[in-house]
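Report on the following structure.
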């Protein structure tokens, strides 16, 4: 029994050591955060339709950051569709709500036929998640 306990503790310690939180935002009961793992990044957000958290993995932080920040610059509502290399389609929906540009993330995992949708986040929220002032 003690061996199992030590294995579980070692697993949790190794998980926290190998990932570092860059930034996070809690928007009422929903959240979004960015973690850096060994060679990748993981954008994790609360699903508005369930108690699940959805994960989008990527390697190039600057590329994703630039796509998101550039999306806030457009004056019109628009949708950016990204397809990752692991059968994940990510929709970035930018809309004006009460005069402020907001972002909603939706994803469709083709491999396991699951979907996820975030709440709306502001540009300030996204900047915080990516560790920007």
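Looking only at region 20-58, residues that are farther than 15 Å from residue 116 by Cα, assigned to a loop (DSSP other than H, G, I, E, B) and within 13 Å of the chain's Cα centre (by Cα) come to 1 in all.
Based on what the data block shows, is residue 121 touching a strand residue (DSSP E or B) at 6+ places or on another chain (Cβ under 8 Å), in a strand (DSSP E or B), over 17 Å from residue 33 (Cα atoms) and modelled with pLDDT of 95 or more? Judged against the criteria, residue 121 is not a match. Just one of (1) surrounded by fewer than 12 Cβ atoms within 10 Å (Cβ to Cβ); (2) farther than 20 Å from residue 128 by Cα fails for residue 84. It is (1). In region 84-99, the residues that are assigned to a loop (DSSP other than H, G, I, E, B) reach residues that are surrounded by 14 or more Cβ atoms within 10 Å (Cβ to Cβ) and modelled with pLDDT under 95 with C-beta atoms within less than 8 angstrom, at least six apart or across chains, in these pairs: 84/56; 84/57; 84/58; 86/57; 87/109. Residue 102 meets all of the listed conditions (1) buried (at least 18 other Cβ atoms within 10 Å of the Cβ); (2) outside any strand (DSSP E or B) but one, namely (2).
Scanning region 21-46 for residues that are over 19 Å from residue 102 (Cα atoms) and either touching a residue at least 60 places away in the same chain (Cβ under 8 Å) or surrounded by 12 or more Cβ atoms within 10 Å (Cβ to Cβ) (or both) returns 21, 22, 35, 36, 37, 40, 41, 42. Here the condition is being closer than 16 Å to residue 125 by Cβ, out of contact with any helix residue (DSSP H, G or I) (no Cβ under 9 Å at 6 or more places or on another chain), at pLDDT 95 or above and surrounded by 11 or more Cβ atoms within 10 Å (Cβ to Cβ); of 95, 69, it holds for 95 alone. Among the residues of region 47-66, which ones are crowded, with 16+ Cβ neighbours inside 10 Å and more than 15 Å from residue 126 (Cβ to Cβ)? Selection gives 47, 54.
The values are calculated or read from the model by the stated rules, or taken from the named source; none is laboratory data. What you are looking at is a predicted structure, and each value in this text was computed from that prediction instead of being measured. With ideal geometry, Cβ positions are generated from the backbone for all residues, glycine too; neighbour counts draw on all protein chains shown.
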